[in-house]
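Student: Here's a structure for you.
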Amino acid sequence: MEKKGFFSLASSREFGAEKALQLYHLRDTSETGYCILKSQQGFHATRVHYTEGIESKFAVCFVGNIIRHEIFLACKSLDLDTNVMIQRLDRIYLRRGIANSYYDVHMLSQDYKDLYEAVGIRPEYFENFAETVNKRRNTATSNNVHTIPKALKPAEITKPRKRGRPIGSKNKKTLEKEAAIEAMILSGIDPSHINPKNPAGRPKGKKDSVPRKRRTKAELESERRLK
């Protein structure tokens, strides 16, 4: 009585107060389900007047309830409130720009990132969703089949490339030279006898291209003092 207060309950058989209350509460699950279908999913009225239309409405209702149950399981595993998360889902993270086209604003909170990840949706998918919406809005005929984009593997995710040649890579001239040497070897030609590499330094006996000016001891001593 402290929890429920005073109320009355009639039963067709003599179950006793405790048993009758337990049996009565077995209907809570179905009542909760009907409340969700009517109030939250908007199926309190079919608004159609022919059999095929009513059946189509209930088919959509059935599929929508399955989707909501999957969201409920994901929220339960993440300790999130299902109703709150679903109510905020209509704040779709796509915005319409000046050109009447939608774009991703990249403003997902951590709770929604976790929820989307639990149901197989990644934040980078929203750019694809925006493209799909724009095509559907701007094209006379649209495809009714919509698929989730393939997940990018870590190796496929493009990262900004640093300036300059990657470490360990060879320049174009080196590659051309190595290809020419390999072609000589395959042809039976010894590449060491063709254009041998000059040793480092000036060849012995060769004079400077610009003659050096000889300096006296007095000039050298004067330079040393200035330093």
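The values are calculated or read from the model by the stated rules, or taken from the named source; none is laboratory data. Computed from a prediction, not measured in an experiment: that's the story for all the values here. Cβ sites come from the backbone with ideal geometry, for glycine too, and all protein chains shown count toward neighbours. SASA here: full protein model, heavy atoms, side chains in, ligands and nucleic acids out. Shrake-Rupley method; radii C 1.70, N 1.55, O 1.52, S 1.80 Å.
Student: Checking the structure you have, find out if any residue of the range 153-167 is loosely packed, with under 13 Cβ neighbours inside 10 Å and modelled with pLDDT of 75 or more.
Tutor: Residues of the range 153-167 that are loosely packed, with under 13 Cβ neighbours inside 10 Å, as a first pass: 153-167.
Next cut, modelled with pLDDT of 75 or more only: none.
Looking for residues that are loosely packed, with under 13 Cβ neighbours inside 10 Å and modelled with pLDDT of 75 or more, one finds none in the range 153-167, hence no.
Student: Six or more apart or on different chains, Cβ atoms under 7 Å: show the pairs whose first residue is in the range 94-119 and under 16 Å from residue 132 (Cα atoms) and whose second is among the charged types (D, E, K, R) and open to solvent by 30 Å² or more (accessible area, probe 1.4 Å).
Tutor: From residues that are under 16 Å from residue 132 (Cα atoms), the pairs are 102/95; 102/96; 103/95; 104/127; 105/95.
Student: Of the residues 68, 88, 95, which single one is under 28 Å from residue 120 (Cβ atoms) and part of a strand (DSSP E or B)?
Tutor: On the way: 68 fails: part of a strand (DSSP E or B); 88 fails: part of a strand (DSSP E or B).
95 is the lone residue from the list that is under 28 Å from residue 120 (Cβ atoms) and part of a strand (DSSP E or B).
Student: Quick one: how many residues across the range 28-68 are open to solvent by 100 Å² or more (accessible area, probe 1.4 Å), modelled with pLDDT of 90 or more and not aromatic (Phe, Trp, Tyr)?
Tutor: 2
Student: Identify all residues within the range 25-51 that are assigned to a loop (DSSP other than H, G, I, E, B) and small (Gly, Ala, Ser); write none if there are none.
Tutor: Within the range 25-51, 42, 45 meet the criteria.
Student: Still on this model: What are the residues in the range 189-227 that are under 60 Å from the mean Cα position of the chain (by Cα), assigned to a loop (DSSP other than H, G, I, E, B) and at pLDDT below 70, if any?
Tutor: Quick first cut of the range 189-227, residues under 60 Å from the mean Cα position of the chain (by Cα) only: 189-201.
Those left that are additionally assigned to a loop (DSSP other than H, G, I, E, B): 189-190, 194-201.
Hits for the range 189-227 are 194, 195, 196, 197, 198, 199.
Student: Let me ask you something else. Considering every residue within the range 17-24, establish whether at least one is assigned to a loop (DSSP other than H, G, I, E, B) and loosely packed, with under 12 Cβ neighbours inside 10 Å.
Tutor: Taking the range 17-24 first, the residues assigned to a loop (DSSP other than H, G, I, E, B) are none.
Looking for residues that are assigned to a loop (DSSP other than H, G, I, E, B) and loosely packed, with under 12 Cβ neighbours inside 10 Å, one finds none in the range 17-24, hence no.
Student: In the range 1-52, how many are more than 51 Å from the chain's Cα centre (by Cα) and touching a residue at least 24 places away in the same chain (Cβ under 8 Å)?
Tutor: Start the filter on the range 1-52 by keeping residues that are more than 51 Å from the chain's Cα centre (by Cα), which leaves 1-2, 5-20.
Among the residues that remain, those that are also touching a residue at least 24 places away in the same chain (Cβ under 8 Å) are: none.
Qualifying residue count, the range 1-52: 0.
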